[in-house]
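First up is the structure itself, then whatever we jot down about it.
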Amino acid sequence: MRSVTVRICAAEFSSTMTAIAEWLDGNRYTPTRYKYDHDQDAVLVTVDFPSVAAAKAFAMRFDGVDWFSLQPTSSDSRRQLAAEAVRHRR
């Protein structure tokens, strides 16, 4: 299993989630889990996929950071994840 984290500006959250849902449907990808976490003025959305190909395609389309199966759970780890997502977008 592969996880992808996308950092979404809070003001764009609704429209981005709609775009994600449409893209997933259009590409017939079925994620196994969604996870949301807040980071200052943004929302970190982590989507788990059963296949590496789906995760990579999703990460490329939505400028996400892909990770191996389990996400960190501590606050420090979430901050590192957010920082990595920001670095990846630049």
In the list Arg7, Arg2, which residue meets the criterion of being touching a residue at least 40 places away in the same chain (Cβ under 8 Å) and within 15 Å of Asp63 (Cβ to Cβ)?
-> Arg7
Answer yes or no: is there a residue in the range 69-84 that is under 13 Å from Thr5 (Cα atoms) and at pLDDT 85 or above.
-> no
Note on the range 25-47: residues loosely packed, with under 12 Cβ neighbours inside 10 Å, under 11 Å from the mean Cα position of the chain (by Cα) and in contact (Cβ under 8 Å) with a residue 24 or more places away in the chain are none
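The values are calculated or read from the model by the stated rules, or taken from the named source; none is laboratory data. Predicted, not measured: the structure shown is a model, and the values here were computed from it. Note: ideal-geometry Cβ built from the backbone for every residue, glycine included; neighbour counts use all protein chains shown.
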